[in-house]
Amino acid sequence: MPDKPDRNAIEVVNVSKIFGSGEGQVAALDTVSVSIRENEFFTLLGPSGCGKTTLLRLIAGFDFPTAGEILLYGQDIAPLPPFKRPVNTVFQSYALFPHMTVADNIGFGLEMLGKPKAEIKARVAEMLKLVKMEALAGRRTSQISGGQQQRVALARALAPQPKVLLLDEPLSALDYKLRKEMQIELKRLQHETGITFIFVTHDQEEALTMSDRIAVMSSGKILQVGSPWDIYDKPAERFVADFIGETNFLTAAISGIGNGKARATLKSGTTIEATVAEGFQPKDNATVVVRPEHAKLTNSKGDLSGTVENVVYFGTDTHIHVQLDSGEDFTVRQQNTRSAGCGFERGDKVGILIGNDAAQVLKD
Amino acid sequence: MATAEEVAKAAERRDVRDRWLLSAPALLVIFLAATGPLLIVLVYSFLTPGSYGDVKWQFSPEAWIAVFLERDIFDDTLSVAAAHVTIFLRSIKLSVVTTIATLALGFPTAYFMATRSEKTRDLWLFLITIPFWTNLLIRTFAVLQIIRNEGIINTILLKLGIISAPIQILYTDTAILIGMAYVYLPLMVLPIYASMEKLDFRLVEAGYDLYATRFQVLRRIIFPMVKPGVIAGSILVFIPALGAYVTPSVLGGGKNMMLSNLIELQFGQGRNWPLGSALSIAVMIIVMVALLAYVRNAGKSGVRHG
């Protein structure tokens with residue numbers, strides 16, 4: 001990955017957005033601050049209703065913040081109407097103009113900017129080539145498939161060369177295969193155009209595979225911002241750990257905190273080493289998370305012990321659900337091989353080994 | 001045993017038959033109440049007028065000649081019937097201006113209604129239909145009360161000292177125009193609202209996002225999308241405006257005749273039923289030609305839905 005320059009494309013400073021008034025008041029965003037770097041693929045990830053689309057709409061200018069500032073390269077754009085912001089959007093529904101051709105759709109933004117005809121024509125041709133839609137330039141948008149509409153929507157938003165491209169769950173309407181294809185396509189486009197992408201999704205897998213950095217949102221707040229690796233392996237809060245991937249939650253007593261690490265004494269009495277989330281306040285019972293693939297089942301005594309409850313075959317791997325002697329649940333993910341089964345059956349007494357550097361202490 | 005194909009064909013035949021049966025009462029009423037009388041009017045237009053109204057059953061093209069031409073009483077030479085032409089032109093002009101005025105007023109109204117929340121939309125729709133509860137004549141007299149010399153507008157302007165003498169609005173073309181625009185406004189608002197309600201407002205947002213100003217969004221996105229509604233509204237206003245009778249009689253004072261007044265005159269004082277019939281058919285033809293031209297023109301760049 002190339003080094004990202006430190007310049008911020010977008011800075012969101014203490015932004016709140018409140019819908020409705022009086023009793024029915026809802027805070028869609030609650031004092032949110034985040035900086036998005038130039039030229040990065042930044043993802044807002046969260047369940048529906050978490051405020052991610054609201055934040056995107058504030059950046060686009062379709063709504064205005066109740067409080068706070070939105071800076072684009074240092075300039076406050078929060079009070080500007082959308083047509084005065086050098087920012088373009090790819091809509092979830094694509095929102096292509098049905099009364100125009102593919103080429104007219106792509107050229108619309110440039111036309112509105114008052115660019116000369118020849119320049120528009122050249123740029124539209126370039127965009128059509130970029131999204132591989134040259135053959136369908138003259139079609140109406142109702143005459144092309146969903147995947148093609150998606151490409152046109154992208155080309156239309158990229159044509160005016162915005163400083164930031166906003167993408168509102170653009171892949172959610174596509175089927176699985178096409179979605180995978182478009183994920184790669186989007187990364188390629190971002191790389192080729194060098195434009196800052198802000199991508200909204202509720203699909204954690206999509207977020208992990210595509211993003212340079214992810215902001216996980218819930219109930220109008222940003223819980224954690226970091227690289228996919230940070231978010232997955234070092235979740236700060238229970239919500240983040242739970243929302244992204246599968247994970248095991250264990251209660252533990254924490255001691256010897258220092259240098260971002262600590263010793264966690266599990267209910268089984270075993271003490272393991274764990275990394276500690278930033279902002280962790282020492283307390284009696286903290287939560288420790290361990291990803292299912294970072295633990296191993298054994299027939300002998302491990303760090304934890306329990307009884308196999310269920311074995312679920314997934315093709316690439318097998319999930320083995322274990323009821324721990326402490327009463328907690330624990331899932332282990334084991335890579336499959338062709339020759340043998342997973343080696344464990346329902347009712348087996350097993351031990352669980354937690355690898356080095358596999359545990360993370362949450363701050364809540 | 002019948003094959004699936006035969007069964008399907010039989011079902012389709014049944015379906016077609018049922019459709020005809022179901023629409024038969026309506027078709028019968030349409031024939032008896034509209035097509036039948038229209039044929040009578042057409043026949044009458046080729047007959048000779050009776051001395052006390054009615055017609056003599058004797059073929060004559062005279063009525064059709066008299067629609068636009070005048071026969072000199074002494075030497076039988078034909079010249080253009082200036083009075084008729086004036087009335088035709090005034091009617092068309094007033095109808096066109098009425099259509100434009102209702103469009104100018106109705107389009108923003110429909111936009112306003114369509115952009116309200118779903119609940120309040122129904123309320124606005126309900127409010128728009130309220131004028132239909134009152135008789136047309138009464139509504140027209142209400143307009144008369146507002147615009148007459150001692151009416152609300154003139155009284156207020158006089159009291160405020162903005163004018164020193166009342167403005168003569170009543171019994172002018174302006175009065176007819178105001179009355180017709182008021183009466184036909186809902187007929188413009190409703191079809192535009194119907195199109196506007198279906199408009200995906202995310203397209204409007206997309207327009208703003210792509211640097212279109214409010215006016216450009218209106219012209220390039222909203223207007224083309226609601227064009228079918230605009231066309232329907234224009235037709236719904238233009239046709240009855242061209243044939244308006246009550247409004248021009250009351251507000252125009254019978255001085256500024258429109259086509260319907262002219263036609264009425266032939267069946268009443270004029271005692272020339274064939275001419276009245278010929279004029280009626282002539283108006284119908286004008287409307288049909290105008291509509292065909294309008295729809296064809298507007299449809300060229302219109303939106304194809306689906």
Task: Burial order of peptide ranges B:10-18, A:95-103 (average beta-carbon count within 10 Å, highest first) - done: A:95-103, B:10-18
- [ ] Sticking with the crude label model, points 7 Å out along Cα→Cβ, report the distance from B:Val7 to B:Ala33 in nm, one decimal please.
- [x] 4.2
Open item on the list: If I take R0 = 30 Å and measure r between the Cβ atoms of A:Leu80 and B:Thr115 in this structure, what FRET efficiency does the formula 1/(1 + (r/R0)^6) give, to the nearest 0.05?
Closed with: 0.90
Task: Over chain A, relative contact order from alpha-carbon pairs under 8 Å, at least 6 apart, % - done: 15
- [ ] Work from the charge dipole of the protein assembly as shown (Cβ charges, +1 for Lys and Arg, -1 for Asp and Glu, about the Cα centre) and give the residue of B:Phe74, B:Tyr245, A:Ala173 farthest towards its positive end.
- [x] B:Phe74
Open item on the list: To the nearest 20 Debye, how big is the dipole of the range B:4-79 about its Cα centre, given +1 on the beta carbon of each Lys and Arg and -1 on that of each Asp and Glu?
Closed with: 480
Open item on the list: Using alpha carbons only, how many angstrom separate the centre of the range A:169-245 from the centre of the range B:1-59?
Closed with: 65
Open item on the list: Classify chain B from the C-alpha gyration tensor, please: rounded if a/c falls under 1.5, else prolate or oblate depending on whether a/b exceeds b/c.
Closed with: oblate
TODO: Return a whole-number percent for the relative contact order of the range A:280-334, with Cα pairs under 8 Å and 6 or more residues apart as the contact set.
DONE: 33
Open item on the list: Can you work out the Karplus-derived ³J(HN,Hα) for every residue in the range B:104-120? Use 6.51 cos²θ - 1.76 cosθ + 1.60 with θ = phi - 60°, whole Hz, and x for glycine or proline.
Closed with: 4, 7, x, 4, x, 4, 4, 4, 4, 5, 5, 9, 7, 5, 4, 5, 5
TODO: Quote to one decimal, in nm, the extra length available between B:Ile286 and B:Leu218 on full extension: 0.36 nm per residue of separation minus the C-alpha distance between them.
DONE: 21.3 nm
Open item on the list: For the pair A:Asn356/A:Glu181, report the inter-label distance in nm, with labels modelled 7 Å from Cα in the Cβ direction.
Closed with: 4.6
TODO: Report, ordered by chain and residue number, the aspartates and glutamates lying within cross-link reach of A:Lys301, taken as a straight Cα distance under 16 Å and ignoring same-chain residues fewer than 8 apart.
DONE: A:Asp325, A:Asp348
Open item on the list: If packing is taken as the average count of other Cβ atoms within 10 Å, what order do A:333-344, B:177-188, B:39-50 fall into, highest mean first?
Closed with: B:177-188, B:39-50, A:333-344
Open item on the list: Around A:Gly279, under 11 Å between beta carbons, what's the net of Lys plus Arg minus Asp minus Glu among the other residues?
Closed with: -2
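Tell me the net charge near B:Gly254. Cut-off is 14 Å between Cβ atoms, B:Gly254 excluded, with +1 for each Lys or Arg and -1 for each Asp or Glu.
Within the 14 Å Cβ shell, the charges total 0.
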- [ ] Quote the relative contact order of chain B in percent (integer), defining contacts as alpha-carbon pairs under 8 Å separated by 6+ residues.
- [x] 25
TODO: Amide H neighbours of B:Leu69 under 5 Å, at least 5 residues apart or on other chains, H built in the peptide plane: list them.
DONE: B:Ala81
TODO: Report ³J(HN,Hα) in whole Hz for each residue of the range B:243-259, in order, from the Karplus equation J = 6.51 cos²θ - 1.76 cosθ + 1.60 where θ = phi - 60°; Gly and Pro get x.
DONE: x, 4, 10, 5, 4, x, 5, 6, 8, x, x, x, 7, 9, 6, 10, 3
Open item on the list: Testing the spin-label approximation: label points 7 Å from Cα along Cα→Cβ at A:Glu309 and A:Asp30. State their distance in nm.
Closed with: 3.1
Task: Residue among A:Ile354, A:Ile106, B:Ala165 farthest towards the positive dipole end of the protein assembly as shown, charges placed on Cβ - done: B:Ala165
Open item on the list: How big is the dipole moment of chain A about its Cα centre under a simple scheme where the beta carbon of each Lys and Arg is +1, that of each Asp and Glu is -1, and everything else is neutral? Debye, nearest 20, please.
Closed with: 1040
Task: 20 Å cut-off, amide nitrogen to a point 7 angstrom out along A:Asp203 Cα→Cβ, residues in the range A:310-336 - done: A:316
Open item on the list: I want to verify a result. In a Gaussian network model of chain A, Cα cutoff 10 Å, which of these has the top mean-square fluctuation: A:Asp175, A:Asp203, A:Asp230?
Closed with: A:Asp175
Task: Nearby aspartates and glutamates by direct alpha-carbon distance to A:Lys363 (threshold 15 angstrom, same-chain neighbours under 8 apart not counted) - done: A:Asp230, A:Asp233, A:Glu237, A:Asp242, A:Glu278, A:Asp284
Open item on the list: Just want the answer: with Cβ charges of +1 for Lys and Arg and -1 for Asp and Glu, which residue in A:Cys342, A:Gly327, A:Val290 is farthest toward the dipole's positive end in the range A:287-364?
Closed with: A:Cys342
Open item on the list: For a protection proxy built on the mean count of beta-carbon atoms within 10 angstrom, sort A:62-70, B:250-258 highest first, please.
Closed with: B:250-258, A:62-70
Task: Amide H contacts under 5 Å for A:Gly220, placed H, 5+ residues apart - done: A:Gly51
- [ ] Report the paramagnetic label zone for A:Arg188: residues of the range A:152-168 whose backbone N is under 15 Å from a point 7 Å from Cα along the Cα-to-Cβ axis.
- [x] A:152, A:154-155
TODO: Determine the shielding of peptide A:92-102 by partner chains: average, over its residues, the number of Cβ atoms on other chains within 10 angstrom of each Cβ.
DONE: 5
Open item on the list: How would the range B:73-202 be classified by its alpha-carbon gyration tensor: rounded, prolate or oblate, with rounded meaning a/c under 1.5 and the a/b versus b/c comparison settling the rest?
Closed with: oblate
Open item on the list: Can you list residues from other chains, or at least 5 along the same chain, whose modelled amide H is less than 5 Å from the amide H of A:Thr89?
Closed with: A:Leu166
Task: Within the range A:37-79: Cβ-based charge dipole about Cα centre, in debye rounded to nearest 20 (Lys, Arg +1; Asp, Glu -1) - done: 180
TODO: Over 30 Å between C-alpha atoms is what I'm after, so list which of A:Lys115/B:Lys93; A:Lys187/A:Lys296; A:Lys163/B:Lys119; A:Lys187/A:Lys261; A:Lys115/A:Lys187 land there.
DONE: A:Lys115/B:Lys93; A:Lys187/A:Lys296; A:Lys163/B:Lys119; A:Lys187/A:Lys261
Task: Backbone N within the range A:333-364 under 15 Å of label point (7 Å from A:Thr270 Cα along the Cβ vector) - done: A:333, A:349-360
TODO: Quick one: what are the phi-derived ³J(HN,Hα) couplings along the range A:143-151, Karplus 6.51/-1.76/1.60 with θ = phi - 60°, whole Hz, x for glycine and proline?
DONE: 9, 10, 6, x, x, 5, 4, 4, 5
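Read-outs: derived from the displayed coordinates by stated rules, not from any lab. None of these values were measured; they are calculated from a predicted model. Backbone-built Cβ (ideal geometry, glycine too); neighbour counts: all protein chains shown.
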